[in-house]
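Q: Sharing a structure with you now.
The values are calculated or read from the model by the stated rules, or taken from the named source; none is laboratory data. Just so it is clear, the model here is predicted, and its values are computed rather than measured. Protein only, heavy atoms only, side chains kept; ligands, DNA and RNA dropped before computing areas. Shrake-Rupley method; radii C 1.70, N 1.55, O 1.52, S 1.80 Å.
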Amino acid sequence: SPRGSAVAEAARESLVWSRALFTDLARDLGVTDPEALARQLVMLYDGALISSRMDQDLDAATTARTAVGALMDAAKRRPRRTSR
């Protein structure tokens, strides 16, 4: 879709909303870098959507969920930075 089109704008708004949601959830988990985890989660989310649609992969969501669990476990194990 051309830049500035209604479709491009809707896609951008969806990305902004998804990234904000995942950032808030990651922050609630107390991870060190919630923005980085959110970017990873958005990529998995988008990839699962595309894979389920284009590849007809009925297991895409389950596969993504397994990867999300591993990312969240790794992010929670990192020591939290303390601000002074």
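Q: Working only with C-alpha atoms, what are the Rg and Dmax values of the chain, expressed in angstrom?
A: 15.1, 50
Q: What percentage of the solvent-accessible surface of the chain, computed with a 1.4 Å probe over protein heavy atoms, is contributed by carbon and sulfur atoms?
A: C and S atoms contribute 56 percent here.
Q: Find how much the distance from LEU49 to LEU15 grows on full extension, using 0.36 nm per residue of separation minus their present alpha carbon separation; answer in nm with one decimal.
A: Length gained, LEU49 through LEU15: 10.9 nm.
Q: Can you tell me the accessible area per residue over the chain, all protein chains present, probe 1.4 angstrom, in square angstrom?
A: On a per-residue basis, the chain sits at 79 Å².
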